[in-house]
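Written out below as structure tokens is the structure these notes cover.
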Amino acid sequence: QVQLVESGGGLVQAGGSLRLSCAASGITFRLYIMSWYRQAPGKQRELVAAITSSGGTNYADSLKGRFTISRDNAKNMVYLQMNSLKPEDTGVYYCAADRLGTIFWGQGTQVTVSS
């Protein structure tokens, strides 16, 4: 049974930081591209960042320089460090595991940035 469990969300003031974590189980973690997506109220889910098994990264253009994705293949964990948070970063953040077109999703963690 595949499980992706996100944690680390919460309420933070604008300019603050949060670190999201995602614990994966039930998959051969090192084979998967791991990603973070987010969905703001009333908007479509969008890609935040992705990381390959070897550590190659890709970010949404608007987030480069503020967010950093990383992974620990030994611990089956993926992280998202979010700095200089803005109110528009508010939303539900989802962890995803992608391999050959098969995608598994976590349940999401809420991030709320107050102005």
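The values are calculated or read from the model by the stated rules, or taken from the named source; none is laboratory data. Treat the numbers as computed from the prediction; the structure is a model and nothing was measured. With ideal geometry, Cβ positions are generated from the backbone for all residues, glycine too; neighbour counts draw on all protein chains shown.
A few notes on this one:
- Annotation: of all residues in the range 65-74 being outside any strand (DSSP E or B) and at pLDDT 95 or above, the one that is surrounded by the fewest Cβ atoms within 10 Å (Cβ to Cβ) is ALA74.
- Against the test of being outside any loop (DSSP other than H, G, I, E, B) and in contact with a Phe, Trp or Tyr (Cβ under 9 Å, 6 or more places away or on another chain), the options SER62, SER21 yield a single qualifying residue, SER21.
- For beta carbons closer than 9 Å, sequence separation of 6+ or different chains, a first residue in the range 57-69 that is within 15 Å of LYS86 (Cα to Cα) and a second that is assigned to a loop (DSSP other than H, G, I, E, B), the qualifying pairs are GLY65/ASN83; GLY65/SER84; ARG66/ASN83; ARG66/SER84; ARG66/LEU85; ARG66/LYS86; PHE67/ALA60; PHE67/ASN83.
- Index of the failed condition, SER35 passing every other in (1) modelled with pLDDT of 95 or more; (2) not in a strand (DSSP E or B): (2)
- Pair list, Cβ < 7 Å and 6+ apart or interchain, from the range 75-87 residues that are under 17 Å from THR52 (Cβ atoms) and modelled with pLDDT of 95 or more to residues that are hydroxyl-bearing (Ser, Thr, Tyr) and surrounded by fewer than 16 Cβ atoms within 10 Å (Cβ to Cβ): ASN76/SER25; TYR79/SER70
- The single residue among GLY15, GLY42 that is in a loop (DSSP other than H, G, I, E, B), touching a residue at least 60 places away in the same chain (Cβ under 8 Å) and on the phi > 0 side of the Ramachandran plot turns out to be GLY15.
- Every condition in (1) more than 16 Å from ASP98 (Cβ to Cβ); (2) out of contact with any helix residue (DSSP H, G or I) (no Cβ under 7 Å at 6 or more places or on another chain) is met by ILE69 except one, and the failing one is (1).
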